[in-house]
1. If you take every residue apart from residue A:220 with its C-beta less than 11 Å away from the C-beta of residue A:220, what net charge results, scoring Lys and Arg +1 and Asp and Glu -1?
2. Determine how large the accessible area of residue B:142 is when every protein chain is in place; take a 1.4 Å probe and give Å² rounded to the nearest 10.
3. Pulled fully out, how much extra length does the chain show between residue B:188 and residue B:204, if you take 0.36 nm times their separation in residues and subtract their Cα-Cα distance?
4. Taking amide H atoms as placed 1.01 Å from N in the peptide plane, list the residues 5 or more away in sequence, or in a different chain, whose amide H sits under 5 Å from that of residue A:112.
5. Enter the accessible area per residue of segment A:9-97 (Å², integer; probe 1.4 Å; all protein chains in place).
6. How would you order A:189-201, B:66-78 from highest to lowest mean count of nearby Cβ atoms within 10 Å?
7. Which whole-percent values make up P(r) of segment B:69-184 when all C-alpha to C-alpha distances are grouped in 10 Å steps starting at zero?
8. Roughly speaking, what is the centre-to-centre gap between segment B:65-105 and segment A:98-165 when only Cα atoms are used, to the nearest Å?
Amino acid sequence: MAQDPMLPRRYRVKRAWSELSDVSTMELEPIDGEAVPFAPGQFNMLYAFGVGEVAISISGDAADTDKLVHTIRNVGAISGALAGVSDGDVIGVRGPFGSAWPVAQETGRHIVFVAGGLGLAPLRPAIYHVLNNREQYSGMTLVYGARSPDDLLYADEIKAWKSRFDTEVEITVDHAAPGWTGQVGVVTVPLDRTLSGSNGAEVSAFVCGPEIMMRFSVMSLMAAGVPEDKVWISMERNMKCAIGFCGHCQFGGDFICRDGPVFRHDQVSRLIAKKEI
Amino acid sequence: MPASTGSSFILDDPAPLVEALLADGWRVIGPKLGDGAIVYDEIESASDMPRGLTDEQEGGRYRLREGDPNRWFDYVVGPQSWKKYLFPARQKLWSAEKGDNGFAIEPHEDDFPKTALFGARACEIAAIEVQDRVFDNGDFTDSGYKRRREATLIVAVQCARSAATCFCASMNTGPSADSGFDIALTELDDGGFFVECGSDRGAAILDRIGPAEAGTAELEAANAVTLKAAGMQTRSMPDNIPALLRENLDHPRWAEVAERCLSCANCTMACPTCFCSDVEDVNDLSGDHAERWRVWDSCFTLDFSYIHGGSVRRSTLSRYRQWMTHKLSSWHDQFDTSGCVGCGRCIAWCPVGIDITEEAAAFAAEPLAQEG
Ligand SMILES: Cc1cc2nc3c(=O)[nH]c(=O)nc-3n(C[C@H](O)[C@H](O)[C@H](O)COP(=O)(O)OP(=O)(O)OC[C@H]3O[C@@H](n4cnc5c(N)ncnc54)[C@H](O)[C@@H]3O)c2cc1C
Ligand code: SF4
Ligand code: SF4
Ligand code: FES
């Protein structure tokens, strides 16, 4: 990286819009220098002037180099400031950092994405990659669970994916609301159903969501015969630097900011089974 | 004869060396007496150093007392380490002003004059070399650390005695340093110093003094000094500790030590290799000026592992386990070295006297059956 990895670069908000009551998406363009290429699954450290900096996954299409896209849930001071930006505002960006979903290497396989809640945002660049290169894969399935129908992210886009003949999309919510005609229940129910109709040995799975949801999803994948070295998850820890200096993101011998956030499941399975690592 | 790396000399006392460093424009940081302990601070002459003092250290205990008035360096390490210079407890990273295009960011470079660390012990040099790896991790370099490190000259003191808390011999980090110094001093039993030149920069300083060359008798006397110090050590670390901790994350001993640990973070603050940091974003009243600071942090705080929804390491058990397994086990995975240099600070400065060597011995004595 040519520039000091501790210094944010300025990006202008081209467009920002609200996705859900507490979630916004923004498209950014660099003020200082060129757009930096990224790989699906990587994240940036976004800085709100005077407020602070947090880790946010890149949720846009890596093939579209015109804009950098992030989707942010307002859960605190910094994420709130970032989720509240308007068109034309300027924020700081450091990155991209971390490991990527190795989706481009899994050609010929049945790609299964399992997303929980906002976990769909870091998976979306990988989904775009598969959709853009669909002929290279033997199948594509997205299983997505959200808390309620009002919490379904990218709903219009999902509808478009669902209408494609070459993709299978399964949506479920924890709690239905009046008017909801879709599935209710945890994500493993539609996941198990999908897997029962597939050959587990041909599946490469990419899983992102709350840790508990990832744990159960991985169990379903293993039970369906998906090889352990064909399952990837993305982990989340407190991050203050993203470059291996601050120590906050450690998970055993790994720094989640450098060695992750995306891990092949068998590389972290021993510690994931333990509490408070 | 001019000095060169590997050549050795004799000096009566350290004063000419301090003078030569000052004359050559170095800021000299050395041991001083402060608040009943040996601390590191700027010195203007050798007489600023606490000659004649010695220390007693034990779990949760540190005392200075009068020793042989002629001895210069009969104490070992105190609560501070050189880390406070190379990796300051508070560093400004940058400042930003609101303006055109949102704001403008101005990187901050601290003022770090060329600095001689006078009296660094072998374990402390090892600790600096550990942090060298941390802050240049293959992907990223901490430019501020690098700049300070390159402006640093090290005058080592080879230890003539060990405190009861020292266990550098078992960590292969001391009590004498083979490398990593520009000049090294060994205080001989009969008075006087055996002086080793470790670099061209060290040679340039020694040439200002032109000391007498040392012979084999002085070399042997110096070796005997550090051998005796090594022989005084009673604490040690088991060799297989990295694997032992990796395999014993569920050992009941963690709960026992967590009963005693106050989660006060003293051990991490005193440790010369601990590198964790937090950032602080500050804002002036007008809201037009912002700064980002990097400050020491500790894995013993609840906030350290906070993510939305709550901290990952809520229990003291998990925090002590994180600290000890990081130091002694996962550090090897990350940096190909132990994170512990055996300086004993965490033992002496723990208010309840928790002893990392005693904890390690407990795992070694009764490990859990190996996991599959
Ligand atoms: C690799 C990675 C990718 C992420 N991607 C996204 C994303 O695409 N969209 C999104 O909305 N959120 C994402 N998050 C979570 C996001 O970073 C946190 O929600 C955010 O840090 C909350 O900060 P806050 O100051 O608003 O909240 P507060 O609750 O006030 O947090 C205070 C501090 O705690 C830390 N913290 C709190 N929650 C988290 C968390 N969940 N993860 C890490 N640190 C946390 C931060 O350092 C923060 O400064 C990601 C986190 C990681 C580690
Ligand atoms: S863990 Fe304790 S003994 Fe080891 S280097 Fe740190 S303070 Fe010294
Ligand atoms: S081990 Fe001792 S010094 Fe360290 S946090 Fe626990 S009580 Fe404090
Ligand atoms: S976020 Fe600082 S070490 Fe990973």
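The values are calculated or read from the model by the stated rules, or taken from the named source; none is laboratory data. Just so it is clear, the model here is predicted, and its values are computed rather than measured. Ideal geometry is used to build each Cβ from the backbone, glycine not excepted, and the neighbour counts take in all protein chains shown. Calculation scope for accessible area: heavy atoms of the full protein, side chains included, ligands and nucleic acids excluded. Shrake-Rupley method; radii C 1.70, N 1.55, O 1.52, S 1.80 Å.
1. My count for the surroundings of residue A:220 gives +1.
2. Solvent-accessible area, nearest 10 Å²: 10 Å².
3. Additional length available on full extension: 3.4 nm.
4. A:141, A:204, A:205, A:206
5. Result: 36 Å² per residue.
6. The peptides rank, most packed first, as B:66-78, A:189-201.
7. Taking every Cα pair in segment B:69-184, the percentages come to 12, 37, 28, 14, 6, 3, 0.
8. Centre-to-centre distance over Cα atoms comes out at 48 Å.
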